[in-house]
1. Which of the numbered conditions does residue 19 fail, given that it passes all the others? Conditions: (1) more than 10 Å from ligand 2 (Cβ to nearest atom); (2) over 23 Å from residue 135 (Cα atoms); (3) open to solvent by 60 Å² or more (accessible area, probe 1.4 Å).
2. Answer with yes or no whether residue 196 is crowded, with 20+ Cβ neighbours inside 10 Å, closer than 17 Å to residue 100 by Cβ and charged (D, E, K, R).
3. Kindly evaluate residue 224 against the criterion of being among the aliphatic types (A, V, I, L, M) and either closer than 27 Å to residue 3 by Cα or touching a helix residue (DSSP H, G or I) at 6+ places or on another chain (Cβ under 8 Å) (or both).
4. Exactly one of these conditions fails for residue 136: (1) within 13 Å of ligand 2 (Cβ to nearest atom); (2) at positive phi. Give me its number.
5. What helices (runs of 4 or more DSSP H) lie completely within the range 161-249 and have 2 or more residues being closer than 26 Å to residue 122 by Cβ and under 17 Å from the mean Cα position of the chain (by Cα)?
6. So which residues in the range 170-187 are surrounded by 15 or more Cβ atoms within 10 Å (Cβ to Cβ) and in contact with a strand residue (DSSP E or B) (Cβ under 8 Å, 6 or more places away or on another chain), if there are any at all?
7. Could you say whether any residue in the range 50-57 is free of Cβ contacts under 8 Å to residues at least 40 places away in the same chain, more than 10 Å from ligand 2 (Cβ to nearest atom) and open to solvent by less than 40 Å² (accessible area, probe 1.4 Å)?
8. If you go through the range 100-121, how many residues are open to solvent by 40 Å² or more (accessible area, probe 1.4 Å) and either among the basic types (Lys, Arg) or within 22 Å of the chain's Cα centre (by Cα) (or both)?
Amino acid sequence: MTRVLLLGGTAEASVIARRFAAQGIDAVYSYAGRTGAPVAQPLPTRVGGFGGVEGLSAWLVAERITHMVDATHPFAAGMSRNAIAAAAATGLPLCGYERAAWEAGEGDDWTHVADIEAAVDALPEEPCRVFLAIGRQTISAFAAKPWHQYLLRLVDPPEGRLPLPDAEIVVARGPFTEAGDLKLLKTRRVNLIVTKNSGGDGARAKLDAARALRIPVIMIDRPVLPPRRIAREVADVMAFLGHPADLGV
Ligand code: 3Y8
Ligand code: NAP
């Protein structure tokens, strides 16, 4: 009997959850517990880490899971690596749902960097008004260049002081719109954007707005994961579970 662990936390994981619920697939949705009030899902939901590979493996056996679908964010590399290791340890099948990386188009001015530290190095020496669209967890790296004026967009209000002396905070949970991001970039006179290459539609509005306003972008490339089975469409996930993909929801 199929019973799925759906590792979530992305817009695509929410779409997959709706499909599982619509088709009556026995599944558990999993959040890390990074935000104060994550969006409710139409599946039984668990929140919090598993306790590394061992904790995840034990949970999979105790919960009689038969399949794992990793629909976490491309930068949730720790979770994805643990899922690959736990699949090998338990022999359970794993499928990673991957959304395509964003690619620069006509009118884009992107500088690709390998990671957060390289993004800090790529910031210019003269003061800029930088939109740091990378969330909360990696802000401290930018304290190395405190002379910039930073605009931060966070899901929840920050606890305590931020490590940046000149930072304005916007509290908002995506998905975002081009109109909304155009307004944000214009009113804050942003002249440089730092973003992760998250892919998907939920966070690309700022890139469309940057193109319209001809604002340069520092694009952080994704971490590389060990090999695993990949799904690019919900239908691929249904095929992985051996379920008909005909029900469009
Ligand atoms: C907790 C679940 C849905 C999911 C929505 C997507 C789209 C909106 C865009 C910007 C970029 C950023 C950030 C972002 C986006 C979606 C998606 C996406 C980027 C929620 C959510 C959780 C998280 C965790 C959070 C991180 C942070 C990253 C903000 C819910 C809203 C910057 C990633 O405060 C913190 O600790 C936040 C941590 C990981 C990156 C970071 O390092 O700070 N996402 N985001 C998930 C969990 O607990 O398991 O609260 O409802 C989900 C979404 N965030 O169902 O519609 O799918 O990508 N999330 C990035 O892309 O760079 C914002 O502002 O332009
Ligand atoms: P991460 O660094 O890859 O994972 C660190 C640890 O957090 C994992 O080892 C695991 O703890 C726990 N964890 C992560 N995702 C989990 C999940 N879905 N369910 C249960 N535990 C989870 O993770 P992250 O980058 O902080 O991402 C956390 C969550 O936010 C994920 O759901 C991800 O999809 C979502 N998200 C992240 C980003 C981003 O930019 N990183 C963007 C949008 C959404 P244990 O080792 O204890 O099991």
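The values are calculated or read from the model by the stated rules, or taken from the named source; none is laboratory data. Quick caveat: nothing in here was measured; it's all calculated off a predicted structure. Reconstructed Cβ throughout: ideal geometry from the backbone, glycine too, with neighbour counts over all protein chains shown. When the accessible area is computed, the model is the full protein with side chains, heavy atoms only, and any ligands, DNA or RNA have been set aside. Shrake-Rupley method; radii C 1.70, N 1.55, O 1.52, S 1.80 Å.
1. Every condition holds for residue 19 apart from (3).
2. yes
3. no
4. Result: residue 136 fails condition (2) only.
5. 205-213
6. Once the filter is applied, which keeps residues that are surrounded by 15 or more Cβ atoms within 10 Å (Cβ to Cβ) and in contact with a strand residue (DSSP E or B) (Cβ under 8 Å, 6 or more places away or on another chain), the range 170-187 yields 184, 185.
7. Yes - at least one qualifying residue is present in the range 50-57.
8. Count: 9.
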